[in-house]
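Chemist: Handing you a structure now.
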Amino acid sequence: MVRRRLIAGNWKMNGTAAALGEVTSIALAAAQHDEVDVALCLPATLIGRAGDAARGFAIGGQDVHYADKGAHTGCISALMLVNAGASLTIVGHSERRQDQQESDEDVRAKAETALAAGLGVILCVGESDAVRERGEAVAHVSAQLDASLPKAPSDASRLSIAYEPIWAIGTGKVAGVIEIGEMHAALRGRLIAAYGEAGQAMRILYGGSVKASNATEIFAVPDVDGALVGGASLTAADFVPIIAAAGDRTPR
Ligand code: PGA
């Protein structure tokens with residue numbers, strides 16, 4: 001099955017108004033690649049202005065609260081994201097699972113709240129190096145996915161999974177194509193077990209030190225349907241070549 005690729009940037013805690021020019025440049029380049037879905041998940045403070053700087057371009061949040069509203073100081077609701085102009089959000093990034101002690105149950109609740117609000121969701125899973133060294137990566141990440149998956153979304157294309165080995169995030173280390181292929185095949189199996197045929201339509205992104213120099217090789221792996229990109233999404237110069245690589249469907 002051919003799935004449209006999704007290339008999502010994750011700016012993490014980077015970017016002020018001075019970076020809006022990069023958003024505009026990335027959006028203009030993305031418009032030249034309408035065979036690929038492109039999005040930038042920005043700090044919440046930039047979402048509204050980025051929407052003004054790049055009309056029609058997909059802007060996302062990096063997290064969302066599972067409650068609709070209420071006494072949760074510092075948190076952002078799905079309605080607030082939609083209202084600011086976001087069309088998607090990341091949930092369950094390993095930095096939040098670690099820094100904010102988010103559990104699989106939290107991630108599942110966040111995904112359900114975001115989907116119910118009409119947002120697309122990129123749900124992240126991934127193993128530590130210790131887990132991989134013990135030879136338990138596939139079992140660990142499969143169990144993490146099973147416990148984090150929301151109840152069946154009405155529109156399968158709105159839920160994407162990002163496999164991000166923690167040891168590959170921001171380190172310059174990339175999982176090998178064999179490891180990526182093995183993990184993505186296992187995750188595809190879990191999605192089909194959870195959602196039946198709809199699980200075939202969901203995109204599974206790879207994340208962890210994706211750059212222009214390794215993107216083509218990673219996108220050639222079966223069941224890799226795009227990328228979640230951190231550091232290399234901060235500038236158009238680094239990000240646009242990754243979008244271009246995703247648009248190239250020449251069989252390899
Ligand atoms: P990286 O981050 O591309 O900088 O490794 C990826 C991510 O954490 O989403």
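The values are calculated or read from the model by the stated rules, or taken from the named source; none is laboratory data. Computed from a predicted structure; not experimentally measured. Please note: Cβ atoms are built from the backbone with ideal geometry, for glycine as well, and neighbour counts cover all protein chains shown. Side chains are part of the model used for accessible areas, which takes the heavy atoms of the whole protein and leaves out ligands, DNA and RNA. Shrake-Rupley method; radii C 1.70, N 1.55, O 1.52, S 1.80 Å.
Chemist: All but one of (1) under 21 Å from residue 116 (Cα atoms); (2) open to solvent by less than 30 Å² (accessible area, probe 1.4 Å) hold for residue 54; state the number of the condition that does not hold.
Modeler: Condition not satisfied by residue 54: (1).
Chemist: Search the stretch 175-211 for residues being within 16 Å of the ligand (Cβ to nearest atom) and hydroxyl-bearing (Ser, Thr, Tyr), and hand back the single one that is least open to solvent (accessible area, probe 1.4 Å).
Modeler: Across the stretch 175-211, the extreme among qualifying residues is 206.
Chemist: Kindly indicate the residue of the stretch 165-174 that is under 15 Å from residue 132 (Cα atoms) and of a type outside the set (A, V, I, L, M, F, W, C) and also least open to solvent (accessible area, probe 1.4 Å) among those meeting that condition.
Modeler: Of all residues in the stretch 165-174, those under 15 Å from residue 132 (Cα atoms) come to 165-169, 173-174.
Adding the requirement that they be of a type outside the set (A, V, I, L, M, F, W, C) leaves 165, 173.
Values: 165: 0, 173: 115 Å².
This residue is 165.
Chemist: Just the residues that are farther than 25 Å from residue 187 by Cα and away from the ligand (no atom under 13 Å from the Cβ), please, taken from the stretch 218-252.
Modeler: Scanning the stretch 218-252 gives 236, 237, 240, 241, 244.
Chemist: If residue 215 satisfies all but one of (1) open to solvent by less than 10 Å² (accessible area, probe 1.4 Å); (2) outside any strand (DSSP E or B); (3) more than 12 Å from the ligand (Cβ to nearest atom), what's the number of the condition it fails?
Modeler: Here residue 215 meets the rest and fails (3).
Chemist: Considering only residues that are under 21 Å from residue 225 (Cβ atoms), open to solvent by 50 Å² or more (accessible area, probe 1.4 Å) and not hydrophobic (A, V, I, L, M, F, W, C), which ones fall in the stretch 30-51?
Modeler: 32, 34, 35
Chemist: How many residues does the stretch 104-119 contain that are aliphatic (A, V, I, L, M), assigned to a helix (DSSP H, G or I) and open to solvent by 40 Å² or more (accessible area, probe 1.4 Å)?
Modeler: Matching residues across the stretch 104-119 total 1.
Each row is one residue, and each column tells you yes or no for (1) assigned to a loop (DSSP other than H, G, I, E, B); (2) within 16 Å of the ligand (Cβ to nearest atom); (3) at pLDDT below 95; (4) crowded, with 23+ Cβ neighbours inside 10 Å.
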| site | (1), (2), (3), (4) |
| --- | --- |
| 73 | yes, no, no, no |
| 80 | no, no, no, no |
| 102 | yes, yes, no, no |
| 121 | no, yes, no, yes |
| 143 | no, no, no, no |
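Chemist: Still on this structure, I have one more. Taking residue 151 as meeting all but one of (1) under 26 Å from residue 88 (Cα atoms); (2) more than 16 Å from the ligand (Cβ to nearest atom); (3) assigned to a helix (DSSP H, G or I), write down the number of the exception.
Modeler: Going through (1) under 26 Å from residue 88 (Cα atoms); (2) more than 16 Å from the ligand (Cβ to nearest atom); (3) assigned to a helix (DSSP H, G or I) one by one, residue 151 breaks only (3).
Chemist: Another question about this same structure. Of the residues that sit in the stretch 218-252 and are among the β-branched types (Val, Ile, Thr) and more than 20 Å from residue 123 (Cβ to Cβ), which one is surrounded by the fewest Cβ atoms within 10 Å (Cβ to Cβ)?
Modeler: Among them, the one singled out is 250.
Chemist: Tally up the residues in the stretch 82-100 that are assigned to a loop (DSSP other than H, G, I, E, B), open to solvent by less than 40 Å² (accessible area, probe 1.4 Å) and farther than 23 Å from residue 18 by Cβ, please.
Modeler: Count: 2.
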